[in-house]
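One structure is given below, encoded as structure tokens.
Read-outs throughout are calculated quantities, based only on the coordinates presented, and are distinct from any laboratory measurement. Small disclaimer: the values here were computed from a predicted structure and weren't measured. Virtual Cβ from ideal backbone geometry, glycine too; neighbours counted across all protein chains shown.
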Amino acid sequence: MAHHVARGPRIEPPAWSPDTRALRVAVGREETLHVEVSSPTARPGSRYALLLPGPIGSAFAYRHVVRALVDSGFHVVVVDPLGMGQSNRPHHADYALSAQAFRVRLVLGKVLPLHVPLVVAGIGTSATIALHLAAELPERVRGVVSVAGGGNDTQATSGLRLALAFSRVLSTPPGRAFARRRFAATMRAQSSDPTWVSHDVVGAYLEHAERDVRGVLRSLQRMADSKESQPIASRLPMVHAPVLLLIGSKAGVNAPTPVQVAALTRGLRQFRVDTLDGAAAMLHEERPVAIATWIARLHQRGVDSFN
């Protein structure tokens, strides 16, 4: 495992909106995923990236990363896993991370050309979905970027517990106001530079939870209670692509534990940790260009990315 501290000023992504299509993709009985496909308009692109949000924020959380990638010529697919964001929330679905990876694989077969290589990035526990996908598609996945996520089988993390706590008070106007204040305070605490935490951004993060409070509570609880039939440790040796773990220099409660990092080091063929200076847990908000830059590097260099 290589460990590198990346230093330098924060660089803002270009302030324009890419050409984005929103899709609803059926992947099973009562299982439909929200998918956003963004493509370059100024020049044709032939590179592909897949982005997987965490349980809070949906595709919106990746907006800056998408812009930076599209500006460099990438086609970008953002998939809200089942129960997250704008995807639906069936009560009896299997919310284990390996099951989520299977659904994402079905999406790829429907929205992308066959066999095109891509780099996959996931926030938090969705990084484990990316690892499952890399194990299932070694011929397609050229790299995995974990945005502050360890290799998890359980989804009962502090981030998911936070989402559950906020969802429980969203059903009334006073509860929504309280939840927004607490959510904003939590996001500031998890940031090195909290200036990005504006009223509009907080509203966008909580928008879909506020629309379907009961469904969000149900799906989040199902995620927390899910049992994994394919532990990620057993699948790591099947991952041929290089895996990069990005963490912020400001430690936080959501950072991967030393035990998780050690398991990734033992199980993966190529693994590297990069610490991004001037950032905390919300790397996709504070250092989106760094994430996009690593995705581009992994796509270009593949298995030689860390050499």
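Which helices pass in the chain if a helix is a full DSSP H run, must span at least 30 angstrom along its long axis by Cα, and must have mean Kyte-Doolittle hydropathy not below -1.0?
none
Size of segment 86-153 along its principal axes in angstrom, Cα-based, largest extent first?
34, 28, 20
Nothing charged except the Cβ atoms of Lys and Arg (+1) and of Asp and Glu (-1): what's the magnitude of the dipole of segment 181-221 about its Cα centre? Round to the nearest 20 debye.
240
List Y62, Y95 from most exposed to least, where exposure is judged by having the fewest other Cβ atoms within 10 Å.
Y95, Y62
For Q300 and H115 in one chain, what is 0.36 nm times their gap in residues minus the Cα-Cα distance, to one decimal in nm?
The span from Q300 to H115 would gain 65.0 nm if fully extended.
Rg and Dmax of the chain over Cα atoms: what are they, in angstrom?
Here Rg and the maximum Cα pair distance are 17.8, 54 Å.
Identify the trypsin sites (Lys or Arg not before Pro) of segment 185-273 meeting these criteria: DSSP loop state and at most 12 other C-beta atoms within 10 Å of the C-beta.
K227
Which of E36, E139 has the fewest other C-beta atoms within 10 Å, and how do the rest follow up to the most?
Final ranking by Cβ density, sparse to dense: E139, E36.
Apply 1/(1 + (r/R0)^6) to the Cβ-Cβ distance of T293 and A26, taking R0 = 25 Å, and write down the FRET efficiency to the nearest 0.05.
Efficiency computed from Cβ-Cβ geometry: 0.15.
Which shape class, rounded, prolate or oblate, goes with segment 239-290 when its Cα gyration tensor gives a ≥ b ≥ c as root eigenvalues, a/c under 1.5 marks rounded, and past that a/b bigger than b/c marks prolate?
oblate
Calculate, in nm to one decimal, what T41 and D19 gain on full extension: separation in residues at 0.36 nm each, minus their alpha carbon distance.
Here the segment from T41 to D19 would lengthen by 7.3 nm.
Express the Stokes-Einstein translational diffusion coefficient of segment 25-140 in µm² s⁻¹, to the nearest whole number, given a Kirkwood radius over alpha-carbon pairs, 4 °C and a viscosity of 1.567 mPa s.
For the chosen part, D equals 91 µm²/s.
How would you rank 281-288, 25-32, highest first, on the average number of other Cβ atoms within 10 Å across their residues?
281-288, 25-32
Which percent, nearest 5, of DSSP beta bridges in the chain are antiparallel?
30
Once you've got the GNM for the chain with C-alpha springs shorter than 10 Å, pick whichever of P194, P113, P81 has the biggest mean-square fluctuation.
P113
Indicate the gyration tensor shape class of segment 187-307 (rounded, prolate or oblate), computed on the Cα atoms with a ≥ b ≥ c the square roots of the eigenvalues: a/c under 1.5 is rounded; otherwise a/b larger than b/c is prolate and the rest oblate.
oblate
As an exercise, use a Förster radius of 30 Å and the Cβ-Cβ distance of S249 and R269 to find the FRET efficiency, rounded to the nearest 0.05.
Calculated transfer efficiency: 0.65.
Specify whether the C-alpha gyration tensor of segment 25-74 places it in the rounded, prolate or oblate class, a ≥ b ≥ c being the square roots of the eigenvalues: rounded for a/c under 1.5, otherwise prolate if a/b is larger than b/c and oblate if not.
Judged from the Cα gyration tensor, segment 25-74 comes out oblate (a/c at least 1.5, b/c at or above a/b).
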